[in-house]
There are 2 protein chains.
Amino acid sequence: MIIDCHGHYTTAPGALQAYRDTQLAAFKGGAGGAPPPDPRISDDEIRDSLEQAQLKLQRERGTDLTIFSPRASAMGHHLGDESVSSRWSRICNDLIYRVCKLFPRNFVGVCQLPQSPGVPPAHSAAELERCVRELGFIGCNLNPDPSGGHWNSPPLTDRHWYPLYQKMVELDVPAMVHVSASCNPNFHATGAHYLNADTTAFMQFLTSDLFKDFPTLRFVIPHGGGAVPFHWGRFRGLAQDLKRPPLEELLLNNVYFDTCVYHLPGIELLCKVVPLDNILFGSEMVGAVRGIDPRSGHHYDDTKRYIDALPLAAADRERLFSLNARRVYPRLTVRLAAVGA
Amino acid sequence: MIIDCHGHYTTAPGALQAYRDTQLAAFKGGAGGAPPPDPRISDDEIRDSLEQAQLKLQRERGTDLTIFSPRASAMGHHLGDESVSSRWSRICNDLIYRVCKLFPRNFVGVCQLPQSPGVPPAHSAAELERCVRELGFIGCNLNPDPSGGHWNSPPLTDRHWYPLYQKMVELDVPAMVHVSASCNPNFHATGAHYLNADTTAFMQFLTSDLFKDFPTLRFVIPHGGGAVPFHWGRFRGLAQDLKRPPLEELLLNNVYFDTCVYHLPGIELLCKVVPLDNILFGSEMVGAVRGIDPRSGHHYDDTKRYIDALPLAAADRERLFSLNARRVYPRLTVRLAAVGA
């Protein structure tokens, strides 16, 4: 089974975005602006939104299951307030739940958290618990910068985040570190903010003892880890200069990278420098880059092709495509057994 | 001749930092705190500070000339105010000038700019001109985030920066895009802020028409371009999705990367995906990572060894080590001729 650990519902029916627009307009209208009713989306609309996109691409590319979450760039934690973020997250997560119920062999859910700038991460624990215990989700996306590009929350290694980590550990679910849109004109969302957040989170982990406090806490750093594998020697050397343990010992029981790197040389480097046990197949489809690479004739984000091109043993391939995901997301196996997959 | 395009005076005599400490203390004391007198540093102290560091490493590694600038992490544009930054920059640049005068075959100068948050970049043009015309410098380091990690200046592609670019074009000198220390606890300076700034700047250039306005403006993006080469496919795809020209046409007459990537697989990737004409040899020594890699037995930042290990033709090697730097920094050749090197 080939498990794609990184897919977002970027093709959700238009009623979802219409709801969001109305919700934010009502918020801007102040206390007088009542929030709109929940969006009405039929099962057929959900099926249509996936059929010519994620499901078609799964078939064409030969992948089986996508760990699926709400559109990351639309989480928009910097918009509205805690109540707005809470309702928006619940609606987005409920929609993912419906996707997973309609296509239980194709999708398994990961939730958006109702983060909001200045609001304690503890307030996100209830939605995480609801999604895991009631909706069968297997993880969450955690935004290290709910301000959307101003980076004024404490680092992920600060005790500020600990109550949420306690809940993650209790539920035995990992988080993908994933920012949302950028409202800072310096940072293009998918071309800079996403990658910067990945690099930033890794270096925060490197300089902290977070995983002494939470030995079973697990993070997936998407987009191949941002700049980290390309600068693996720099990070090894920084750890050494800072008198930290080697990266393997310090981080690699807790930190994983996906394969959302859109060319073969990048995937080659990733799989050369990062231990294969720490790499999870992912494509981010349908996501950041939608075009076809004229050099290859295939979609940039068809990352399975790059991995297929590597001279890997069958057992290593199985780790990348399946076993590592099952290990990092232990609820995945339970979930698949429940649907007979 | 092997030219290292990226070296900072990280080993300057202690009197320099003592001056800075006193300067900042006086600033914090308010208008009553008079700035201290300029630091007194003898030629012998300068010689000593280089002999067992940069000069020794040049000899050991077989490099000839370092394009040398004040310590980047100490630029501290976020500290003090315009007047503090202006005096500090002048002192740091004058010290580089003395280094270059003492060792004209080993060092050529690049200046720090007296940037300060909220101050128009135009105010840095005079110091740039002084350094180039009076001190014989061949370029500058430009900080895209003088706030030190809050990223509240306009992007590098905003007209805000244009008066400085006009001066760069007039003088025919490039800028290395280089942030300084981070006062944002989210960003470790050398492990996150530096790399994020590199990625951020590249994506700003990708989404703008800056080089239509300034066809001869040139930037070196250090640290191998941050995350960019590792994600070259992503950036090619983003340019395509955004209906921009191919990267080669859009950026590669104006944007260059150095080789400050501290392991062989990273250098291999860089030289595989980025055209060799756009890569300048650099080491950042003595800089971000000072240790010896136990796997190789050599310094992480001895980047010449990685390039030596590549199967490059002699002509390509010469481009990387020398010709590209002479092309990007045209005043370098003039400078070298002046000292008979």
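Just so it is clear, none of the values below were taken in a lab; they were calculated from the coordinates. Given the structure is predicted, the values throughout are model-derived calculations rather than measurements. Ideal geometry is used to build each Cβ from the backbone, glycine not excepted, and the neighbour counts take in all protein chains shown.
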| Quick one: of the DSSP bridges fully inside the protein assembly as shown, what percent are antiparallel, nearest 5? | 10 percent
| How big is the Rg/Rh ratio for the range A:225-313, C-alpha atoms only, Rh by Kirkwood, two decimals? | 1.03
| task | With a cut-off of at most 13 other beta carbons within 10 Å, and DSSP calling the residue loop, which trypsin sites (Lys or Arg not before Pro) in the range A:207-300 qualify? Please list them. | result | A:243, A:295
| GNM, chain B, Cα, under 10 Å: largest mean-square fluctuation among B:53, B:189, B:309? | B:309
| Per 10 Å bin from zero, what fraction in whole % of the C-alpha pairs of the range A:147-244 is there, up to the bin with the longest pair? | 15, 43, 36, 7
| task | Distance check, please: which entries in A:56/A:304; A:56/A:272; A:56/A:101; B:212/B:272; A:243/B:56; B:212/B:243 exceed 20 angstrom between their Cα atoms? | result | A:56/A:272; B:212/B:272; A:243/B:56
| field | In Å, descending, principal axis extents of the Cα set of the range B:84-225 | value | 40, 36, 29
| remark: So, in nm and shortest first, the distances from residue A:253 to its counterparts in the other copies, with label points 7 Å along Cα→Cβ, work out as 5.6
| Using Cα pairs under 8 angstrom and six or more residues apart, how large is the relative contact order of the range B:1-107, in percent? | 39 percent
| field | Two-site label geometry, residue A:327 and residue B:253: point separation in nm, points 7 Å out along Cα→Cβ | value | 5.1 nm
| Hey, with R₀ at 22 Å, roughly what FRET efficiency would residue A:298 and residue A:53 work out to, going by the Cβ-Cβ distance, to 0.05? | 0.85
| note | The simple spin-label model distance between residue B:314 and residue B:98, using points 7 Å out along Cα→Cβ, in nm, is 4.3 nm
| query | Got the residue B:291 label distances to the other copies yet, label 7 Å along Cα→Cβ, in nm, shortest first? | reply | 4.1
| remark: Using alpha carbon positions and the Kirkwood radius, the Rg to Rh ratio of chain B is 0.95
| field | Calculated label separations, residue B:38, copies of the chain, 7 Å along the beta-carbon direction, nm | value | 7.2
| query | Based only on the alpha carbon positions, what is the Kirkwood hydrodynamic radius of the range A:83-150, in angstrom? | reply | 12.4 Å
| trypsin sites (Lys or Arg not before Pro) within the range B:10-80: DSSP coil, no more than 14 neighbouring Cβ in 10 Å | B:40
| request: Divide, for the protein assembly as shown, the radius of gyration over alpha carbons by 2.2 N^0.38 Å, where N is the residue count. | output: 0.98
| task | Evaluate the range B:15-56: find the radius of gyration of its Cα atoms, find its Kirkwood radius, and give the ratio Rg to Rh. | result | 1.20
